[in-house]
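Down below is the structure, laid out as structure tokens.
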Amino acid sequence: MKISFIVIGRNEGWKLEKCLKSIFYASDQSLNDAYEVIYVDSKSSDNSIQIAKQFKDLKVFEITGHANSAIARNIGAQESKGKWLFFIDGDMEIDPDFVANNLNGIIKFPYFTGQVLDYLYDKEWGFLKKKYHYKQMYEPTYMNSTGGVFIINKVLWDQVRGMRSKYKRSQDLDLSLRLSKAGHQILRLLDLICVHHTISHSDNNRMWANIWNFNVFYNKSLLLRDHLFNKYFFKSYFRQDYTMVSLLVSILFGILVHPLCFLFYPVILIVRSAINTINHSRHLFSYFLSRLGYHLVKDFLSLILFFAFYPKNYKIEYRRVD
């Protein structure tokens, strides 16, 4: 067995069916019998497991204990027989050309991925638009983070003991940072690896939901504490979360230099919220206030939870679904 496709999902429904069909189609075209497909379900309340069971060559597992994406991927890796692990979320459709061009024959890279094309929807799953998830690249690039789709040599996965189950979110980023520190950055190829059916991260409902269910604090507080001395973390942190960085700078310089430095944070906050509003919304004023409030709550709570947020590692419990 050469490649193990590991699909994880919770309540993906029609997206999961598209995902599994795309994997079997691409693999049958290019890989002959040198692959297996595993689906790990995180306690879905819809018909996801029934959809999965329609595919006769699919191994289906259901988490019975605590469920999150890190645990689901660890289960898939534990049950896999391939030398290569191809992780993909259940709301993604794999591109057959990626499999044909990069997995059919000698696999050249120990840890790699490709471009992701987002199909964005509203909360009722009405299609809005499509756009590439990452900025345009002109050559393959080594990076320190990945999303829900990537390929990794199983020896390398085992070397860092897979994902840490305490991460309800951002488990893939934690994995990449640990691998980068060990000398294995992920290579992002120019090839399209998948289409991702999702709701935009800038959607108001999704944005605030990530506050109330504590999702946002896994990559804003926990990652910061766990990787405080990892140089690869700060390359992306300063670029992507500059309101939080500006809050820390404002507090530090306001205390040590001059009280006027405390104004640095609100200025950056207003500018960031204004840019988000112009880029993502037609309802300018209400969205601007929402973004302003979101960053304000996120930044101050992230600072507090940096010292107080200590989620535990969870035991892996699951069963095979026949």
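Every number in this text was worked out from the coordinates using simple rules, so none of it is lab data. All figures in this text were calculated on a predicted structure; none of them were measured in a lab. Positions of Cβ are generated from backbone atoms using ideal geometry, with glycine treated the same way; all protein chains shown enter the neighbour counts.
Return P(r) of the range 49-160 (all Cα-Cα pairs; 5 Å bins starting at 0; whole %; ordered from short to long distances).
Cα pair-distance distribution for the range 49-160, in percent: 2, 8, 16, 20, 21, 17, 11, 5, 1.
Sorting check: for 76-84, 143-151, 127-135, which peptide has the highest mean count of neighbouring beta carbons within 10 Å, and how do the rest follow?
My ranking of the peptides, most packed first, is 143-151, 76-84, 127-135.
Using θ = phi - 60° and the Karplus relation 6.51 cos²θ - 1.76 cosθ + 1.60, list the HN-Hα couplings for the range 306-322 in order, rounded to whole Hz, with x at every Gly or Pro.
4, 9, 10, 9, 10, x, 9, 6, 9, 6, 8, 9, 7, 9, 7, 9, 9
Collect residues whose amide H, placed 1.01 Å from N in the peptide plane, falls under 5 Å from the amide H of TYR134; neighbours closer than 5 in sequence don't count.
The list, which skips near neighbours in sequence, is VAL116.
Report, in debye and to the nearest 20, how large the dipole of the range 206-308 comes out about its Cα centre when Lys and Arg carry +1 and Asp and Glu carry -1 on their Cβ.
Dipole magnitude for the range 206-308 comes out near 260 debye.
Tell me which of PHE253, CYS194, ASN102 sits at the most positive position along the dipole axis of the chain, charges placed on C-beta atoms (Lys, Arg +1; Asp, Glu -1).
PHE253
When all alpha-carbon pairs of the range 206-308 are counted, what percent fall beyond 24 Å?
26 percent
Which net charge results for the neighbourhood of LEU16, defined as the other residues with beta-carbon distances under 15 angstrom from its beta-carbon, given Lys and Arg at +1 and Asp and Glu at -1?
With Lys, Arg at +1 and Asp, Glu at -1, the neighbours total -1.
Using only the alpha-carbon atoms, how far is helix 171-181 inclined from the longest principal axis of the chain? Give it as 0 to 90 degrees, nearest 10.
Taking the Cα atoms of the chain, the angle to 171-181 is about 90 degrees.
Relative to the longest principal axis of the chain, what angle (0 to 90°, nearest 10) does the C-alpha long axis of helix 14-30 take?
50 degrees
Can you pull a Stokes-Einstein diffusion coefficient for the chain at 25 °C (0.890 mPa s), Rh from Kirkwood over Cα pairs, as a whole number of µm²/s?
Translational diffusion coefficient: 117 µm²/s.
Can you give the relative contact order of the range 206-308 as a percent, counting alpha carbon pairs under 8 Å and 6+ residues apart?
Dividing the mean separation by the residue count of the range 206-308 yields 33 percent.
Could you let me know the centre-to-centre spacing of the range 226-305 and the range 28-44, using Cα atoms, in angstrom?
The two parts, judged by their Cα centres, are 41 Å apart.
Nothing charged except the Cβ atoms of Lys and Arg (+1) and of Asp and Glu (-1): what's the magnitude of the dipole of the chain about its Cα centre? Round to the nearest 20 debye.
Computed about the Cα centre, the dipole is about 840 debye.
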